[in-house]
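Read the structure below first, then the notes.
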Amino acid sequence: MNRLSLARGVLLDLDGTLFDTAPDLVAALNALRSEQGLPPLPAALLASAVGHGSVPMIARGFDLAPSDPRFEPLRERFLALYHDNLSEHTRPYDGMEGVLDHLEAADIPWGIVTNKPGWLTHPLMEALGYQHRPSCVVTGDDLARRKPHPFQIETGCQAIGLAPAECLVVGDAERDIQAGRRAGTMTLAATYGYLSGDDRVSRWGADGLIIQPGEILRWVATASAAALAPESLAV
């Protein structure tokens, strides 16, 4: 199988790719700021930090370095606040539900590979009714190494019963693309996700860039995708 053949399985990042989790993450950060007697920050100021975990959220939200003794207590409280309200406004991106329905109808396995810890991922999946849909869910605390290391992707491929060369990795961060490339999968950069002005997506080395979830179907071996020649899918 050459690198731009159609995939037989799909592995999705979660935050910024499958679900728009930003509203609940921003709400938790601003709830924490309120507890500290500070005014809320606009979502736009936090957008680029959302997809990179709690450390950049606290750094951006409180202008603190991780070495500051106040940092870790704030981070732990932020995660607790988020856990208690993680599905209030989080939803799949527009068009993603149709993509998943199409994959499932075509017997194309799909899974989630995320650096988000399992104690946040699994409750979120259950709250949104997605707990039984993916063929695998590989979270940030399941394994010793996380993206950009390829181990999570390799584990996801094994879980859905396919070789990496048969799989497509979709993510909105450079680490997603790095992990997929190192594992030997095809890769798509989701430009609708949590990008910052510093991101140079065209330099990540992804096999393709997509601006909305429906474009994923052009890269998988479904009836609708089969009419597209692989060379038409390149960046």
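Non-local amide H neighbours of Ala7 (under 5 Å, H modeled in plane, Pro and chain starts lacking H): which ones?
Placed amide hydrogens put Val220, Ala221 under 5 Å from Ala7.
What is the set of long-range amide H partners of Asp20 at a cut-off below 5 Å, with H atoms built 1.01 Å from backbone N?
Amide H neighbours of Asp20: Arg91, Tyr93.
By how many degrees, 0 to 90 and rounded to 10, does the Cα axis of helix 118-127 deviate from the longest principal axis of the chain?
The angle comes out near 70 degrees.
Share of antiparallel DSSP beta bridges in the chain, in percent to the nearest 5?
Numbers: 2 of 21 bridges.
Counting DSSP beta bridges with both partners in the chain, the antiparallel share is about 10 percent.
So what's the projected area for region 22-84, the Cα convex hull averaged over all directions, in nm²? Write down the numbers at each step before the final one.
On the way: hull surface 15.0 nm².
Mean shadow area of the hull around the Cα atoms is 3.7 nm².
How high is the relative contact order of region 22-84, in percent, counting Cα pairs under 8 Å that sit 6 or more residues apart?
In percent, rounded to a whole number, it is 38.
Would you calculate a helix-derived [θ] at 222 nm for the chain, using -39,500 (n - 2.57) for each DSSP H run of n ≥ 4 and dividing by the full residue count, to the nearest 500? Please report the intermediate quantities before stating the final value.
On the way: 8 runs with 84 residues, N = 235.
Helix-only estimate at 222 nm: -10500 deg cm²/dmol.
Taking amide H positions as placed 1.01 Å from N in the peptide plane, with prolines and chain starts having none, which residues 5 or more places from Lys116, or on another chain, fall under 5 Å of its amide H?
The list, which skips near neighbours in sequence, is Gly140.
Which whole-Hz couplings ³J(HN,Hα) result when phi for each residue of region 95-108 is put into the Karplus expression 6.51 cos²θ - 1.76 cosθ + 1.60, θ = phi - 60°, listed in order with x for Gly and Pro?
Going residue by residue, I get x, 5, 4, x, 4, 5, 4, 5, 4, 5, 5, 8, 6, 9 Hz, with x marking Gly and Pro.
Step through the residues of region 81-93 one at a time and calculate ³J(HN,Hα) from phi using the Karplus curve (6.51 cos²θ - 1.76 cosθ + 1.60, θ = phi - 60°), rounding each to whole Hz and writing x for Gly and Pro.
In residue order, the calculated couplings are 5, 5, 4, 6, 9, 7, 10, 5, 10, 6, 9, x, 4 Hz.
Given Cα pairs under 8 Å that are at least 6 residues apart, what percent is the relative contact order of the chain? Before the final figure, lay out the partial values.
Values: 426 pairs, mean separation 63.9, N = 235.
Averaging sequence separation for qualifying contacts and normalising by length gives 27 percent for the chain.
Let me make sure I get this right: for the chain, a, b and c are the square roots of the gyration tensor eigenvalues over alpha carbons, sorted descending. Under 1.5 in a/c it's rounded, otherwise prolate if a/b > b/c, else oblate. Which is it?
Details: a/c = 1.97, a/b = 1.83, b/c = 1.07.
Note, shape of the chain comes out prolate.
Can you work out ³J(HN,Hα) from phi for every residue in region 41-56, in order, using Karplus 6.51 cos²θ - 1.76 cosθ + 1.60 and θ = phi - 60°, giving whole Hz and x for Gly and Pro?
9, x, 4, 4, 6, 9, 4, 6, 8, 4, x, 10, x, 6, 4, x
On a 0 to 90° scale, report how tilted helix 22-35 is relative to the longest principal axis of the chain, with both axes built from alpha carbons and the result rounded to the nearest 10.
The answer is roughly 10 degrees.
Which of the peptides 204-214, 147-157 is most tightly packed, and how do the rest follow, going by the mean number of other Cβ atoms within 10 Å of each residue?
147-157, 204-214
Where a number appears in this text, it was derived from the coordinates with a stated rule and is not lab data. Not measured: the values here are computed from a predicted model. No Cβ is skipped: glycine too gets one built from the backbone with ideal geometry, and neighbour counts run over all protein chains shown.
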